[in-house]
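K.L.:
Sharing a structure, written as structure tokens. Questions coming.
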Amino acid sequence: MTDTYYVDPNGADTNTGSIKQPFRSLARAQQEIRQHPQRGKRPLTVSLRAGTHYLDDTLVFTADDSGTADAPVTYAAQAGEQAVVSGGRRLELTWE
């Protein structure tokens, strides 16, 4: 098990969440964090890679997502990268 899961707009939710095989969605990373056996025992991180992360559904955080004061769960952009979380939908349009 890892302490850091990676999310990339070009990833896949069937991946492992590693830096080489990142998840595509924040919801998938959230699911993995909630099931992590070390949650609340050591710090865990969800690292968002550069790009726009579109949310397919509402992302709801509860106490199951927070960890503890000594072992927090952190969602943050990858160091040196700019990640945007968007609740909008990306439109694939052909203008005429």
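K.L.:
Pairing the Cα long axis of helix 26-35 with the longest principal axis of the chain, what angle in degrees results, from 0 to 90 and rounded to the nearest 10?
P.N.:
Roughly 20 degrees between the two axes.
K.L.:
How much area per residue is accessible in the chain when the probe is 1.4 Å and only protein heavy atoms are counted (Å²)? Mind showing how you got there, number by number?
P.N.:
On the way: 6300 Å² over 96 residues.
For the chain, the per-residue accessible area is 66 Å².
K.L.:
Then there's this: How many percent of the accessible area of the chain is carbon or sulfur, using a 1.4 Å probe?
P.N.:
On the way: 2980 of 6300 Å².
Roughly 47 percent, rounded to a whole number.
K.L.:
When Lys and Arg each count +1 and Asp and Glu each count -1, what net charge do the other residues less than 14 Å away from PRO22, Cβ to Cβ, add up to? Before the final figure, lay out the partial values.
P.N.:
Values: positive: LYS20, ARG24, ARG28, ARG49; negative: ASP8, ASP13, GLU32, GLU81.
Its environment carries a net charge of 0.
K.L.:
Take the alpha-carbon centre of the stretch 25-43, take the same for the stretch 61-96, and report the distance between them in whole Å.
P.N.:
14
K.L.:
Also, I was wondering about something else. For a quick check: with amide H placed at 1.01 Å from N, whose amide H comes under 5 Å from TYR5's, ignoring anything fewer than 5 positions away on the same chain?
P.N.:
HN-HN under 5 Å from TYR5: THR45, VAL46, SER47.
K.L.:
Still on this structure: Whole-Hz Karplus ³J(HN,Hα) for the stretch 47-55, in order, using 6.51 cos²θ - 1.76 cosθ + 1.60 and θ = phi - 60°, x for Gly and Pro?
P.N.:
9, 8, 6, 4, x, 9, 9, 7, 8
K.L.:
In nm, give the distance between the simple-model label positions of ASP70 and LEU91, each being 7 Å from the Cα along the Cα-to-Cβ direction.
P.N.:
Calculated label separation equals 5.2 nm.
The values are calculated or read from the model by the stated rules, or taken from the named source; none is laboratory data. Bear in mind that the values here come from a model prediction, so they are computed numbers and not experimental data. As a convention, Cβ positions derive from the backbone with ideal geometry for all residues, glycine included, and neighbour counts pool all protein chains shown. Just so you know, the surface numbers come from the protein's heavy atoms only, side chains and all, with ligands and any DNA or RNA stripped out. Shrake-Rupley method; radii C 1.70, N 1.55, O 1.52, S 1.80 Å.
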